[in-house]
Amino acid sequence: MKHVYRLPEFRAELTQLRLQEKRIALVPTMGALHEGHLSLLDVARAHADAVAVTIFVNPTQFGPNEDFSRYPRTLEQDAALLKKAGADVLFSPDVADMYPDGFATSVHVEGVSEGLCGAFRPGHFDGVATVVSKLLLRALPDVAVFGEKDFQQLAVIRRMALDLDIPVRIVGAPTCREEDGLAMSSRNRYLTDSERRIAPRLYALLNQVAAAITGGADVVSTLTAARQQLLDEGFDKLDYLELCDAANLQPIQTFEGNARLLAAVWLGTTRLIDNISVGG
Ligand code: AMP
């Protein structure tokens, strides 16, 4: 595995791979890698001959009071994991490489980026869309793989790549979970032992709500009861629990198939997100 830090070296490595007629898959991450990230490499490999992974903790997608400075950074361990997992190239630029002095462009995606996390994290998806555009244009991969764990992010990226005519196939990959159902996340390491015991109840509740709704229960009253249940079960705060159209992420009040149930909750200072398909 080649580990490179600057754009010219990254482009040179990918050019070499292309000269060997290899199809390239890109897997963008913020590092602090776990099995969920590594599962994206398997998906990437199924769609391409070579896999390039990026690690960049992108400052522009964090709000002023969010966890940018404490976000876990474990580059050496990550590089070892990626090497073992068979990545071909690791690109870990610094902030000055990605956003040199004078950088002045932001990519804003209307519609899908506005509700859910977009409503609670102003500017977050502009940061995501901007950095992912840059990474896609830097690598010009054949495919790029993103997790359904961040379902709204995946929808924003699909829209952005389509609208900007970026010639890449965006592939979504299923969410990897701990044995008790908790979606794997770099942020899970923030959880205290008692918070960690509460955390898997989110996935359990999503499943309970999905079963009720597919079984014909009223959407609005089921969601209202479930929001209260999350608080009763020990979550400290709820940003949202919504049933949305899986294609455009607009909230829906009547279930007619192909929906997504999405939630963001807080345990202490840690924000957890998760989502599942409902009748998809
Ligand atoms: P992050 O490092 O959190 O920015 O995530 C990098 C990529 O990994 C994104 O496409 C995420 O959606 C994906 N990802 C994060 N957690 C998981 C998970 N538990 N299962 C599958 N993919 C994940």
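The values are calculated or read from the model by the stated rules, or taken from the named source; none is laboratory data. Because the structure is predicted, anything quoted here is derived from the model rather than measured. Neighbour counts are summed over all protein chains in view; Cβ atoms, including those assigned to glycine, are modelled from backbone coordinates with ideal geometry. Please note that ligands, DNA and RNA were not included when accessible areas were found on the heavy atoms of the full protein model with its side chains. Shrake-Rupley method; radii C 1.70, N 1.55, O 1.52, S 1.80 Å.
From the residues PHE151, LEU136, LEU164, which one has its Cα farthest along the dipole of segment 117-221 in the positive direction, the dipole being from +1 and -1 charges on Cβ of Lys/Arg and Asp/Glu about the Cα centre? Positive-end residue among those listed: LEU136.
What's the long-distance tail for segment 206-249, i.e. % of Cα pairs beyond 15 Å? Present the calculation step by step, with values, prior to reporting the outcome.
Working: 432 of 946 pairs.
The share of Cα pairs beyond 15 Å in segment 206-249 comes to 46 percent.
Between the helical axis of 7-19 and the longest alpha-carbon principal axis of the chain there is an angle of about 80 degrees.
Projected area of segment 175-280, taken from the Cα convex hull and averaged over every viewing direction, in nm²? Please list the in-between numbers first.
On the way: hull surface 25.5 nm².
Orientation-averaged projected area of the Cα hull: 6.4 nm².
Considering only VAL220, VAL43, VAL132, the Gaussian network model of the chain with Cα springs below 10 Å gives its largest mean-square fluctuation to VAL220. In this calculation the C-beta distance from ASP245 to ARG70 is compared with R0 = 35 Å, giving a FRET efficiency of 0.50.
Dipole magnitude of segment 76-207 about its Cα centre, charges +1 at Lys/Arg Cβ and -1 at Asp/Glu Cβ only, in debye to the nearest 20?
Values: 15 positive and 19 negative charges, 71 e Å.
Using only the charged Cβ atoms, the result is roughly 340 debye.
Apolar share of the accessible surface for the chain: 51 percent from carbon plus sulfur atoms, 1.4 Å probe.
Per residue, the accessible area of segment 31-137 comes to 45 Å² when a 1.4 Å probe rolls over the protein heavy atoms. Restriction of the GluC sites (Glu not before Pro) in segment 172-280 to DSSP coil positions whose beta-carbon has at most 10 other beta-carbons within 10 angstrom yields GLU179, GLU256.
Among the GluC sites (Glu not before Pro) within segment 33-140, those in coil by DSSP and having at most 15 neighbouring Cβ atoms inside 10 Å are GLU66, GLU110, GLU114.
Treating the beta-carbon of each Lys and Arg as +1 and of each Asp and Glu as -1, no other charges, what is the dipole magnitude of the chain about its Cα centre, to the nearest 20 debye?
The calculated dipole for the chain is roughly 560 debye.
Segment 39-134 has equivalent-ellipsoid semi-axes of 26, 17, 14 Å, by the square roots of 5 times the alpha carbon gyration tensor eigenvalues, sorted largest first.
FRET efficiency for LYS84 and THR192, Cβ-Cβ distance as r, R0 = 45 Å, nearest 0.05?
According to the calculation, E is roughly 0.90.
Using the 2.2 N^0.38 Å rule of thumb for compact globular proteins, work out how the chain stacks up: its C-alpha Rg over that value, please. Numbers along the way, then the final one.
Values: Rg = 19.0 Å, N = 280, 2.2 N^0.38 = 18.7 Å.
Against the compact-globule rule of thumb, the ratio is 1.02.
In a Gaussian network model over the chain where Cα atoms closer than 10 Å are linked, find which of GLN77, GLN250, GLN61 has the largest mean-square fluctuation. Among GLN77, GLN250, GLN61, the largest GNM mean-square fluctuation belongs to GLN77.
Over the Cα atoms of segment 1-88, the radius of gyration divided by the Kirkwood radius equals 1.00; this is the Rg/Rh ratio.
Roughly how many Å is it from the Cα centre of segment 137-157 to that of segment 207-276, as a whole number? A separation of 24 Å, based on Cα centres. A Gaussian network model of the chain, with springs between Cα atoms under 10 Å, assigns the largest mean-square fluctuation among ALA212, ALA32, ALA263 to ALA212. Annotation: amide H-H contacts under 5 Å for PHE91 (H modelled 1.01 Å from N, sequence separation of 5 or more, or interchain): VAL4, VAL53, THR54, ILE55. Cut-off under 25 Å on the C-alpha distance; same-chain residues fewer than 8 positions from LYS2 excluded. Which lysines are left, in chain and number order? Of all the lysines, those that pass the test against LYS2 - Cα under 25 Å, at least 8 places apart if same chain - are LYS22, LYS83, LYS84, LYS134.
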